[in-house]
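Asker: First, the structure itself, so that you have it in front of you.
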Amino acid sequence: MSSPAKTNALAIVSFSSGLLALISTALLLWLFHLQPVPNDMTIIITDSLLIPLRNLGMIAAVATGVLALRQIKQGVGNRKGKILAWIGSVIGIAWFLFMALAILAFLQVPI
């Protein structure tokens, strides 16, 4: 009798990191919705907490998602969590592409 498959830990980290990136962005939008003209405290919270949290979450989601998918594909220990790894990776890649397009739009570089 085989033991039940356990969810890959990296897949869980990937999903939760992607979720963290989404939540920090939602907090960022909510914060600026409350105060259209930011004061010093809003700028401090944004620059020192929310933006780095979003960026770290995005990078962690992609990196751990790719590693989790490799481990699941190789069959390292009877593991599951492919969907969590995919969701985390897609969220991270989508944020990366959105940021790249925003930078290009800000710089007004023709595509």
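Any read-out appearing in this document is the output of simple, stated calculations on the displayed coordinates, not a laboratory observation. Keep in mind the model is a prediction, meaning the values are calculated, not measured. Every residue, glycine among them, receives a Cβ derived from its backbone with ideal geometry; neighbour counts consider all protein chains shown.
Asker: If a paramagnetic tag sat 7 Å from the Cα of LEU27 along the Cα-Cβ line, which residues of the stretch 51-87 would have the backbone N under 17 Å from that point?
Answerer: Only 51-61 pass the distance filter.
Asker: Springs between alpha-carbon pairs under 10 angstrom, Gaussian network model over the chain: which of THR42, THR25, THR64 fluctuates most?
Answerer: So, out of THR42, THR25, THR64, the one fluctuating most is THR42.
Asker: Here's a follow-up. If you put +1 on each Lys and Arg Cβ and -1 on each Asp and Glu Cβ, how big is the dipole of the stretch 1-89 around its Cα centre, in Debye rounded to 20?
Answerer: On the way: 7 positive and 2 negative charges, 145 e Å.
About 700 debye.
Asker: Now a separate question. Average the reciprocal distances over every distinct pair of alpha-carbons in the chain, invert the result, and give the Kirkwood radius in Å. All intermediate terms of the calculation are to be shown ahead of the outcome.
Answerer: Working: mean 1/r = 0.0647 Å⁻¹.
With all distinct Cα pairs of the chain included, I get 15.5 Å.
Asker: Of SER24, SER16, SER48, which has the largest mean-square fluctuation in a 10 Å C-alpha GNM of the chain?
Answerer: Per the Cα network of the chain with a 10 Å cutoff, SER48 tops the list.
Asker: Here's another thing I want to ask about it. Could you work out how far apart the two model spin labels at ALA100 and ALA9 are, taking each label as a point 7 Å from the Cα in the direction of the beta carbon, and quote it in nm?
Answerer: Each label point is offset 7 Å from its Cα along the Cβ direction, giving 3.2 nm.
Asker: Which of ALA85, ALA63, ALA21 ends up with the largest GNM mean-square fluctuation for the chain, with Cα atoms connected below 10 Å?
Answerer: Largest GNM mean-square fluctuation: ALA63.
Asker: Taking H placed 1.01 Å from N in the peptide plane, check which residues at least 5 places from LYS80 or on another chain put their amide H under 5 Å from its amide H.
Answerer: Close amide H contacts, sequence-distant or interchain: LYS6, THR7, ASN8.
Asker: Compare the Cα positions of GLY92, SER48, ALA102 along the charge dipole of the stretch 6-107 (+1 at Cβ of Lys, Arg; -1 at Cβ of Asp, Glu; about the Cα centre) and return the one farthest towards the positive end.
Answerer: Of GLY92, SER48, ALA102, it is GLY92.
Asker: Continuing with the same structure: Which distance in nm do the two modelled labels at TRP86 and LEU19 give, with both placed 7 Å along the Cα-to-Cβ direction?
Answerer: For the pair TRP86/LEU19, the computed spacing is 1.9 nm.
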